[in-house]
Amino acid sequence: MKNDLKPSRLSPRDILRVGAVGLRARRARVVLSALGIAIGIATMVAVVGLSESSRADLMAQLDRLGTNLLTAEAGEDALGQPIKLPKNAVAMVERIGPVQHATATADVDARIRRSDVVPEERTAGVTTQAARIDLLSALGGEVDKGVWLNPAGERLPTTVLGAVAAERLGITRTGETIMMNDTRVVVVGILKPLELVPNLDRVAMVGFPAAERYFGFDGHPTTIFERSTDASVEDVRAILARTISPGNEGSVKVSRPSDALAAKAATDEGLTTLMLGLGAVALLVGGVGVANTMVISVLERRQEIGLRRSLGATRGAIRLQFLTESLLLSALGGATGALLGAAATYGFARVQGWTAVVPLWSLAGGLAATLLIGVAAGLYPAIRASRLHPTVALNAT
């Protein structure tokens, strides 16, 4: 009579049940092994999430501040002497077709002290600049306390302090006075930080007429600020220097403040790549831990393997059992790590005031990586388990 007996096949549900039995029996070891995977995945998800959140905040900041601001600064001549920009430089820039707004600041030779009892050499790291009254609107700045310079105030001994300058001088409210050279000047305003032009945060600003009247200012601007349409920024940039200083455009340095923020985004991207590499190393270490756990599990469960083989389990069923255990162990670590990474991203983004962004591809990629680690880590132990002879396995001690 023909033998029609065939090896039984386990259903997917049975495979998962059998694979989970080994994990439930060794919970402490499972937790420690899964922890290595979790740390690697959490690191990778958090790095990607924080990078994307930071980049999203930076892009929103650029959209808010605008990328159409150009600055033109006086350079130096061949002898290293500072060049003076023409007094009518702002008017010359305003004649460029696409230019929407032009304004200027200028360095003023006035040493700043908190009061007249402070020695002249102690300036608190604050410099003086003359500013046009349309500067704040051109830069998109805001007043934190007090008011900005107006047509009357720009002619009087009054000043508006940048955020850092006020802090260094110990000024917390308007109406207080400081010394510029030997002139007592009233603080009428304190600005919020200027994100596009942070060097102005460390400056005390006075009006052009007041600078000429009280501090011997000659009227030549030092820096020109210009805003044009977004589409024409590069065209304006190409002609800005020779418009300000015809025939000597090499003495004028033109820059785009928003480029610094864009460069910061590029730097963050490079740092993200480095951190992802560190996360991958942690994940690899976790994978080695899973493989070690599975090898020990095979050695400890040889009698179980021998019994199953004696009762008819095929080599393929044994391989599938231990491979499933490895996959479940890795998936447990991966899911935990993905949740921890997402939670860390949301928590840190909230502290920083960012909009939290956790790309779905990072979560999916992290889980896929854990499954690959599970297959790689469990393949050798599974093959080793399937090759155990039932008699030898049953006699193992």
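The residues of region 113-134 that are within 15 Å of Asp201 (Cα to Cα) and touching a residue at least 60 places away in the same chain (Cβ under 8 Å), listed by number, are Gly125, Val126, Thr127, Thr128, Gln129, Ala130, Ala131.
For region 222-260, what are the residues that are part of a loop (DSSP other than H, G, I, E, B) and within 35 Å of the chain's Cα centre (by Cα)? Even if it seems obvious, please write down each step before you answer.
Taking region 222-260 first, the residues part of a loop (DSSP other than H, G, I, E, B) are 222, 229, 245-248, 256-257.
Thr222, Thr229, Arg256, Pro257, listed by residue number.
For region 134-145, the set of residues classified as open to solvent by 50 Å² or more (accessible area, probe 1.4 Å) and farther than 25 Å from Phe217 by Cα consists of Gly140, Glu142, Asp144, Lys145, listed by residue number. Scanning region 56-88 for residues that are more than 16 Å from Ala238 (Cβ to Cβ), at pLDDT 85 or above and touching a Ser or Thr at 6+ places or on another chain (Cβ under 8 Å) yields Glu73, Leu85, Pro86.
Every residue, every condition in (1) out of contact with any Ser or Thr (no Cβ under 8 Å at 6 or more places or on another chain); (2) at pLDDT below 85; (3) not β-branched (Val, Ile, Thr), yes or no:
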| residue | (1), (2), (3) |
| --- | --- |
| Val99 | no, no, no |
| Arg113 | no, no, yes |
| Asp116 | yes, yes, yes |
| Glu121 | yes, yes, yes |
| Thr127 | yes, no, no |
| Ile133 | yes, no, no |
| Ala138 | no, no, yes |
| Leu156 | yes, no, yes |
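Just one of (1) within 27 Å of Lys84 (Cα to Cα); (2) outside any strand (DSSP E or B); (3) of a type in the set (Asp, Glu) trips up Asp116, so point out which. With (1) within 27 Å of Lys84 (Cα to Cα); (2) outside any strand (DSSP E or B); (3) of a type in the set (Asp, Glu) applied to Asp116, the lone miss is (1). Look at (1) touching a Ser or Thr at 6+ places or on another chain (Cβ under 8 Å); (2) open to solvent by less than 60 Å² (accessible area, probe 1.4 Å); (3) modelled with pLDDT under 95; (4) of a type outside the set (Lys, Arg) and you find that Ser228 fails only one, number (1).
Just the residues that are among the hydrophobic types (A, V, I, L, M, F, W, C), open to solvent by less than 20 Å² (accessible area, probe 1.4 Å) and part of a strand (DSSP E or B), please, taken from region 156-197. Once the filter is applied, which keeps residues that are among the hydrophobic types (A, V, I, L, M, F, W, C), open to solvent by less than 20 Å² (accessible area, probe 1.4 Å) and part of a strand (DSSP E or B), region 156-197 yields Val160, Leu161, Ile178, Met179, Met180, Val185, Val187, Ile190, Leu191.
Picking from residues in region 202-236 that are charged (D, E, K, R) and touching a Leu at 6+ places or on another chain (Cβ under 6 Å), the one that is farthest from Arg114 (Cα to Cα) is Arg227.
The values are calculated or read from the model by the stated rules, or taken from the named source; none is laboratory data. These numbers come from a predicted model, not from an experiment. Cβ atoms come from the backbone with ideal geometry, glycine included; neighbour counts cover every protein chain shown. Areas reflect the complete protein model, heavy atoms only, side chains present, ligands, DNA and RNA absent. Shrake-Rupley method; radii C 1.70, N 1.55, O 1.52, S 1.80 Å.
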